[in-house]
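The values are calculated or read from the model by the stated rules, or taken from the named source; none is laboratory data. Small disclaimer: the values here were computed from a predicted structure and weren't measured. Every residue, glycine as well, gets a Cβ built from its backbone with ideal geometry; the counts of neighbours run over all protein chains shown.
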């Protein structure tokens, strides 16, 4: 089994070094150390770690919370744990909204670090096992995405825009037919030559469109009768 690859985002070099030593002692692989939001993004894109340990206060204007929001914008779930000192209420509420896998108080204790990481990874694996997953490819990277996170698909020439929850999108080079072959037949339906939709994500419809959140998904004339009948049965 490959070691857990960890990005440490901490602007205090001595603290970061101590954490990296702890990680190596446990058999984890600290892939890099970032001190700022900008450096964290650069190193994240370079290494694609399994887990990020993020100090909320970083060097520069942007914080670890901003970096956590960046991670949340990715097409797949990224585990991250906050490193915290005393926080005011506003920062605490902002941190909670990013849904971290855990919190560690500074100074970080070795046993607390290991326990928090192990619980976070165990919970993530358990949650992932309960979800049906699909592998997507954007030409550079593969993503493991829960099927339930896919809202709809939109074909555009040789590409398919796969629209996910939280305003995420994966652009995949394939036809709509090829993309649908990887998805469960009882969950997705093609509504138009360029569109397919997750039936469970439809909020309402009329004779011309299905609606997913604020997006209108067109229904072609040739498919209208079957789709509307399917929705009535559901």
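Structural remarks
- Filter pass, residue 149 being crowded, with 18+ Cβ neighbours inside 10 Å, assigned by TED's automatic domain parsing to the domain that holds residue 222 and without any contact (Cβ under 8 Å) to a residue 24 or more places away in the chain: yes
- Tally of residues being in contact with a strand residue (DSSP E or B) (Cβ under 8 Å, 6 or more places away or on another chain) and under 17 Å from residue 109 (Cα atoms) across the stretch 18-29: 5
For every residue, the table says whether it meets (1) free of Cβ contacts under 8 Å to residues at least 24 places away in the same chain; (2) assigned by TED's automatic domain parsing to the domain that holds residue 185; (3) more than 23 Å from residue 171 (Cα to Cα).
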| site | (1), (2), (3) |
| --- | --- |
| 55 | no, no, yes |
| 66 | no, no, yes |
| 74 | no, no, no |
| 100 | no, no, yes |
| 115 | yes, no, yes |
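- For residue 180, the test of being surrounded by 15 or more Cβ atoms within 10 Å (Cβ to Cβ) and closer than 25 Å to residue 127 by Cα is passed.
- Subset of the stretch 196-234 [within 24 Å of residue 144 (Cβ to Cβ) and surrounded by 17 or more Cβ atoms within 10 Å (Cβ to Cβ)]: 196, 197, 198, 201, 212
- Unique residue being closer than 26 Å to residue 91 by Cβ and out of contact with any helix residue (DSSP H, G or I) (no Cβ under 9 Å at 6 or more places or on another chain) when the list is 138, 166, 123: 123
- Checking each residue in the stretch 198-229 for being part of a strand (DSSP E or B) and without any contact (Cβ under 8 Å) to a residue 24 or more places away in the chain picks out 204, 209, 210, 211, 216.
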